[in-house]
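No value in this document is a laboratory result; all are computed from the given coordinates. Remember, predicted model here, so these are calculated numbers, not experimental data.
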């Protein structure tokens, strides 16, 4: 104690002051530290409050999203629509801004899932949507402007950013992202989140150079495999792409060419592999093997897109689906289809909405097109060599405005329809889509020529009771005002049946038949059969009966209308889109067949039966030699004005097929090319297309059944003069024909157009018999009354003989001019050209206009005792057969008054046949100086011959 006190005393008073100061400092520092601690705590609380308030202010406008709302948002990602041929055969994807294909998590390789988690969010299965430490690190890097950004977003946050928010860089967006990520984790399982993430993430470009999103599109588009089959290296490469999709992608945007430098993407893949290895997802051996994987060698090749491979079909499908979805969208908004079609702006608005819908909503579009038939038809079109020559056409360059000359090829369109369903089995859109982006089967409108006749003329006329196959029409010169329709080739065919007129495609009978029903609105039948391009002028245009339309008709509509006959008179609208469904299998559209009654079954069958003749012996008779199979075909050819179009449409009980060929800018097709007419070239092409279709599906193309005749059809005989019941005279003249009739319209009136009487023939024209006519030249037969002119609407007597076809069947029917032949008062001129050839004696026709016949005189043994041995009508063949016995012959012409001409030169036969003939003196020679005073000879007695033996000549054979 003493020592201690001693020490203290040593520091006193100075040491005492130091201790005191230390105590004071300690207290002050302690109080200050306590003060700062309190202030710090207060500051932290204040900052936290401010931060919380700031956070709250950032998210105050963000609505509280329910589970359903968030589910719709998360799974609302764009997906490419796919197209299928018939029978679920895959065609391809429709073009869109981005290719995407949804896939379930169980169909994704586990390596991909591990690679994404190891790279993007190693704590994915532990956090609840956000990682605070990562957020703080990111904020620190943001405030310090650090050069290395490690990121702070979990997979959940990235999903929120992609599907609900935007890529905007702001605290506002980040705050909402955190809030929504936390909420999303409350509603969804981790597997649901990772599945959605893998379906929405961008993965750069595919081998076609198109943008892709979703793991399935990436797997197929980069390596050509399904997502479930990706290996470790492929998974790591794809998992590394989202950090810089277009920086790491191996494909360029120039058609999908592989980049020269793949190092950025491969280096990123190595980073992913390293994280997978360090995270325990792969073994060291797997890691090393994946590092050695040759990415370039295993990239998939460019795949033809549907537009590249099937341009006509793809664009047609897009257009048809657009129109279907367009109507659905418009109806949801309260608009009708009729309102859409009347308002162009409204139509375009909803068409655009529908287009966006089908390109991004992942529809599965099923068509009726048979892939194998379609492919083979395109091959035929590409290889066909009989189209005809390219022709020059001047066009205006849209860029420069300069006129330039291009060479247009002959184009083609064709459509194959299944009758009973309306399914469009196949079509031919053209020869080269790149040359002309026009579907010549479904979009190009052209006049349909004579293929219009069954549709608008004969079937409607039969339905209205104005015509039947056996109806008789006068094919003679005809005019309507200034229009004078002509037949192909310019000729006329007289009285013809409707069946024959259709078989040979005569124009005038078609026009006349059409005019008989024009006041009954026959165009309405075309409307019922789906013609959509009819114009106001068409309803009053008589030339419409020959296919002369204001705008024209598409091949599809023309063929579709023909199927009406095969369907017993019911029109079934053709279609290509079978159904549209979502990727989940929900059907949003299913085609429903609708039938329209157009013709009776009787009319339909009669039309079919008439069109059978077109193929068996009419304008399409060449078809039989081109087809490789047989079926009960019925069809019609057609030619446009000035040969600008060639058509052929035909049906059998199963299908209807039609083709058209012509130039895009209408111009005449070559009438002959490589030895084939334009019509045969089109029929040959038609046949080749049908042959390959038959190779694919013979049951469809060649049904064993024939068109079945319905009840109410009977066979009846009729007179070919009028179509009425045959009279006895009609039967005796051999003018009875028979055909099928609708029992409602069989003829009931007996024909009375014929009579029996006498006549003489001069210059191939029959006349009434004058009293002076020599009896031997007066003929008797069945004569045509002039009343028939009225029946056929003919005013000119000159057309009476034109009514009779130039065939043997009509040869014995007589048509008189209605008056007697005039007598010129003079003897006929001498007969010239008498000669013998073998046993046939022949001579030339007398030029006089009143000669009714010829007499042949003969004298046996070359005597002068001539006797008449034959009388030949002026309308007969001017020859007779003579015997071989020695005799001399001469011929005289006889006029209507009985006067004879001077004898022809004498013709000798037999032993002295080659001797020079002696002149013959006749009584008429005495008056040769004044023929006007010549006396008629005594009938049936020859003029006085030179003296000769009284031996008769050998009888003449073949005397009329």
Legend entry - Calculated P(r) of region 499-558 - Cα pairs past 13 Å, %: 63 percent
Legend entry - Under the Debye formula (equal points on every Cα, no solvent term), log10 I(q)/I(0) of region 417-701 at q = 0.17 Å⁻¹: -1.52
Inset, instruction - Quick one: divide the alpha-carbon radius of gyration of region 361-438 by 2.2 N^0.38 Å and tell me what you get. - result: 1.50
Legend entry - Span from the region 774-842 Cα centroid across to the region 707-753 one, whole angstrom: 28 Å
Inset, instruction - Give me the Kirkwood hydrodynamic radius of region 391-494, using the inverse of the mean 1/r over all pairs of distinct Cα atoms, in Å to one decimal. - result: 18.7 Å
Legend entry - Whole-Å distance, taken between Cα centres, linking region 331-361 and region 464-501: 48 Å
Inset, instruction - Would you work out the relative contact order for region 785-865, in percent, from Cα pairs under 8 angstrom that are 6 or more residues apart? - result: 17 percent
Legend entry - Whole-number D in µm²/s for region 276-428 (Stokes-Einstein; Kirkwood sum over Cα pairs; 20 °C, 1.002 mPa s): 100 µm²/s
Inset, instruction - State the Kirkwood hydrodynamic radius of region 715-820 in Å, one decimal place, computed from all pairs of distinct Cα atoms. - result: 14.8 Å
Inset, instruction - Could you grab the relative contact order for region 813-901? Cα pairs under 8 Å, six or more apart, rounded to a whole percent. - result: 35 percent
Inset, instruction - Send over the Kirkwood Rh of region 521-590, from the inverse of the averaged 1/r over different Cα pairs, rounded to one decimal Å. - result: 14.2 Å
Legend entry - Cα gyration tensor, region 611-739 - rounded (a/c under 1.5), prolate or oblate: oblate
Inset, instruction - Run the numbers on region 715-820 and let me know its relative contact order in percent, using alpha-carbon pairs under 8 Å that are six or more apart. - result: 26 percent
Inset, instruction - For region 456-558, just run the numbers: alpha carbon Rg, then divide by 2.2 N^0.38 Å, N being how many residues it has. - result: 1.05
Legend entry - Rounded Å value of the spacing that divides the Cα centres of region 240-317 and region 371-431: 39 Å
